[in-house]
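Enquirer: Shown below is the structure under consideration.
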Amino acid sequence: MPEFSFELDDDQKAVRDWIHGFAVDVMRPAAAEWDEREETPWPIIQEAAKIGLYSLDFYAQQYFDPTGLGIPMTMEELFWGDAGIALSIVGTSLAAVAVLANGTEEQVGTWIPPMYGDANDVKVAAFCSSEPDAGSDVAAMRTRAVYDEAKDEWVINGTKTWVTNGGIAGVHVVIASVDPELGARGHASFVVPPGTRGLSQGQKFKKHGIRASHTAEVVLEDVRVPGHCLLGGKEKLDERLARARERARSGTERGKNAAMATFEASRPAVGAQAVGVARAAYEVALEYAKNRVQFGRPIIDNQGIAFQLADMRTQIDAARLLVWRASWMATAGRPFTAAEGSMSKLFAGETAKAVTAQAVQILGGNGFTREYPVERMHRDAAIFTIFEGTSEIQRLVIARTLSGMQIR
Ligand SMILES: Cc1cc2nc3c(=O)[nH]c(=O)nc-3n(C[C@H](O)[C@H](O)[C@H](O)COP(=O)(O)OP(=O)(O)OC[C@H]3O[C@@H](n4cnc5c(N)ncnc54)[C@H](O)[C@@H]3O)c2cc1C
């Protein structure tokens, strides 16, 4: 394990600058258009695929970067470019991480490559956990998977909602209950291969922000998947369920469920996305404040504006440090004893929301129009206190971890 450094090494800097170039040349000029179109920007994903920025190889390289900084650095630069387009580019990685966190080596090799497709035929993937009555309360999930032993198939029924890439994905990873009596401990993850009958897209949502990213319901009606699509395999599931039943009987219920393993791993990455949007809005506001003249001097000449910018930058740097700490801890195999992953996502998400609001204020009337990008950035930033666990849920996780008590 290399020692931790606050400075990226030369290779990391080169990758960062390469992503930044793509963000400046390709994402920024297209951001307003795809925000208005409210569609997945396929041509931009294809361009990213052509240069290797949307590929399994690239994400695997960043994911396994021994310093832990590959993924946060990538996320920050892409989301600095544009949050909606960036989510369309990285949305697949949540499904990929679900397979990595819960699957066998063979399943990782089988299912992650087709999630990305190739430069000539790009694909996206989707991770389906949330349901209309099970958002923060994951244990309330109703989607059921029942094993048909005679055919060695799982039969899945239910409705998922708010799914990034839902219905337009090739591979869908679906969390379902295999034993409702065990609540969240009775959940398992399944791969639903491309073209499987019974899986369809329901409503596509019109959103407040990140509008270049597709969010929709996924309806599962008697979806049959082969036994080998159960992530981790049947033997491991049976052992896990037996342990959970024993704990439930003895009143020592513990352990993690399938969706939580994915969210824990992805929270610092989402924090890095929020840092990218916050930094983008701060930079626009700083430039504007230096150039906009009122009362005969640039508005930054007023402490009321300059101090806001000082606070914005301080919060952004603090958020990045929390994200980098959590990412480093995860890579170094250090347990999150104070819920450091949740801390990073909580602070970075709230920072993005506050900083983008301040940027709108500093730009005055211009900040309120779509002529300037901070209006879009402010709408985009609102997602970071909602998805992958709301800010309230992050606070619950942190408080429970610190206190050891089941705070409600
Ligand atoms: C654009 C977008 C993309 C998404 N992508 C995906 C995806 O790809 N896959 C997926 O599975 N899901 C996805 N989600 C779902 C997202 O994770 C959920 O929206 C989120 O977990 C919150 O659930 P909910 O919307 O049902 O809100 P609710 O759980 O109904 O919460 C409503 C409010 O109550 C608060 N609250 C709830 N419980 C408590 C409590 N115990 N204490 C204090 N406050 C509480 C919440 O913090 C929130 O403020 C996405 C959502 C959006 C908007």
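Since every read-out is calculated from the coordinates, none of them should be taken as a lab result. Note that the coordinates shown come from a computational prediction; the quantities given were computed from them, not determined experimentally. Positions of Cβ are generated from backbone atoms using ideal geometry, with glycine treated the same way; all protein chains shown enter the neighbour counts.
Enquirer: By how many degrees, 0 to 90 and rounded to 10, does the Cα axis of helix 391-403 deviate from the longest principal axis of the chain?
Expert: Relative to the chain, helix 391-403 is tipped by roughly 70 degrees.
Enquirer: Can I ask one more? Helix 10-22 versus the longest principal axis of the chain: what is the Cα-based angle in degrees, 0 to 90, to the nearest 10?
Expert: Tilt relative to the chain: about 80 degrees.
Enquirer: Work out how much length Asp238 to Ala332 would gain on full extension: take 0.36 nm times their residue separation and subtract the Cα-Cα distance, in nm to one decimal. Working shown, then result.
Expert: Numbers: separation 94, 0.36 × 94 = 33.84 nm, distance 3.02 nm.
Gain on extension, Asp238 to Ala332, equals 30.8 nm.
Enquirer: Size of region 258-403 along its principal axes in angstrom, Cα-based, largest extent first?
Expert: That works out to 57, 25, 25 Å along the principal axes.
Enquirer: Follow-up. Counting only other residues whose beta carbon sits under 10 Å from that of Glu38, what net charge do I get with K and R as +1, D and E as -1? Working shown, then result.
Expert: Values: positive: Arg37, Lys204, Lys206, Lys207, Arg211; negative: Asp35, Glu36, Glu39.
Result for the local shell: +2.
Enquirer: What angle do you read, to the nearest 10 degrees and between 0 and 90, between the alpha-carbon axis of helix 303-332 and the longest principal axis of the chain?
Expert: 30 degrees
Enquirer: Report the FRET efficiency, 1/(1 + (r/R0)^6), for Phe4 and Ala150, where r is their Cβ-Cβ distance and R0 is 60 Å, rounded to 0.05. Intermediate results must be reported in sequence, preceding the final value.
Expert: Working: r = 54 Å, r/R0 = 0.90.
With a Förster radius of 60 Å, E is 0.65.
Enquirer: Can you give the relative contact order of region 10-122 as a percent, counting alpha carbon pairs under 8 Å and 6+ residues apart? Let's see the in-between values first.
Expert: Details: 85 pairs, mean separation 39.6, N = 113.
Reported relative contact order: 35 percent.
Enquirer: Shape of region 79-165 from its Cα gyration tensor (a ≥ b ≥ c, root eigenvalues): rounded if a/c is under 1.5, otherwise prolate when a/b > b/c, or oblate? Provide the component values of the computation, followed by the final result.
Expert: Values: a/c = 2.32, a/b = 1.27, b/c = 1.83.
Because a/c hits 1.5 or more and a/b fails to exceed b/c, region 79-165 counts as oblate.
Enquirer: Among the listed pairs Lys204/Lys234; Lys13/Lys236; Lys50/Lys290; Lys207/Lys236; Lys123/Lys234, which have their C-alpha atoms separated by more than 30 angstrom in this model?
Expert: On the way: Lys204/Lys234 34 Å; Lys13/Lys236 41 Å; Lys50/Lys290 38 Å; Lys207/Lys236 39 Å; Lys123/Lys234 28 Å.
As for pairs spanning more than 30 Å Cα to Cα, those are Lys204/Lys234; Lys13/Lys236; Lys50/Lys290; Lys207/Lys236.
Enquirer: With an 8 Å Cα cut-off and a minimum separation of 6 or more residues, compute the relative contact order for region 203-360 in percent. Numbers along the way, then the final one.
Expert: Numbers: 124 pairs, mean separation 42.4, N = 158.
Reported relative contact order: 27 percent.
Enquirer: Here is a further query. Enumerate the amide H contacts of Trp162 below 5 Å, restricted to partners 5 or more residues apart or on another chain; note that Pro and chain-start residues carry no placed amide H.
Expert: So Trp162 has HN proximity to Ala216, Glu217.
Enquirer: Please list 3J(HN,Hα) in residue order for region 35-50, calculated via the Karplus relation 6.51 cos²θ - 1.76 cosθ + 1.60 where θ = phi - 60°; whole Hz, with x for glycine and proline.
Expert: Going residue by residue, I get 4, 5, 6, 6, 9, 5, x, 3, x, 6, 4, 4, 4, 5, 5, 4 Hz, with x marking Gly and Pro.
Enquirer: A follow-up question, please. Rank the residues Arg297, Arg28, Arg379 as a footprinting-exposure proxy: fewest other Cβ atoms within 10 Å of their Cβ go first.
Expert: Details: Arg297 9, Arg28 16, Arg379 19.
Going from least to most buried by this count: Arg297, Arg28, Arg379.
Enquirer: Taking chymotrypsin sites (Phe, Trp or Tyr not before Pro) as exposed when DSSP calls them loop (any state but H, G, I, E, B) and at most 16 other Cβ atoms lie within 10 Å, what is the longest stretch of the chain free of them, the sites themselves excluded? Could you put the intermediate results ahead of the total?
Expert: On the way: sites that count: Phe4, Phe6, Phe64, Phe205, Phe295, Phe368.
Counting only loop sites that pass the neighbour cut-off, the longest clear stretch is 65-204.
Enquirer: If you don't mind, there's one more thing I want to ask. Arranged by the count of other C-beta atoms within 10 angstrom, fewest first, what order do Ile85, Ile19 take?
Expert: In order of increasing Cβ crowding within 10 Å: Ile19, Ile85.
Enquirer: In deg cm²/dmol, rounded to 500, what helix-only [θ] at 222 nm does the chain give when every DSSP H run of at least 4 residues adds -39500 (n - 2.57) and the total is split over its residues?
Expert: Details: 14 runs with 213 residues, N = 408.
Helices in the chain give a 222 nm mean residue ellipticity of -17000 deg cm²/dmol.
Enquirer: Translational diffusion coefficient, Stokes-Einstein: compute it for the chain using the Kirkwood radius over C-alpha pairs as Rh, at 25 °C and 0.890 mPa s, and state it as an integer in µm² s⁻¹. Mind showing how you got there, number by number?
Expert: Numbers: Rh = 22.0 Å.
Approximately 111 µm²/s, per Stokes-Einstein.
Enquirer: Loop only by DSSP, 11 or fewer other Cβ within 10 Å of the Cβ. Give me the GluC sites (Glu not before Pro) in region 118-197 that pass, ordered by residue number.
Expert: Numbers: sites: Glu149, Glu153, Glu181; in loops: Glu149.
When the GluC sites (Glu not before Pro) of region 118-197 are filtered for loop state and at most 11 Cβ neighbours within 10 Å, Glu149 remain.
Enquirer: Give the relative contact order (percent, whole number) for the chain; include only Cα pairs under 8 Å separated by 6+ residues. Intermediate results must be reported in sequence, preceding the final value.
Expert: Numbers: 760 pairs, mean separation 68.1, N = 408.
Computed value for the chain: 17 percent relative contact order.
Enquirer: Filter the GluC sites (Glu not before Pro) in region 340-378 to those in DSSP coil with at most 16 other Cβ atoms within 10 Å of their Cβ, and list the result. Show your work: numbers first, answer last.
Expert: Details: sites: Glu340, Glu350, Glu371, Glu375; in loops: Glu371.
Sparse-neighbourhood loop GluC sites (Glu not before Pro): Glu371.
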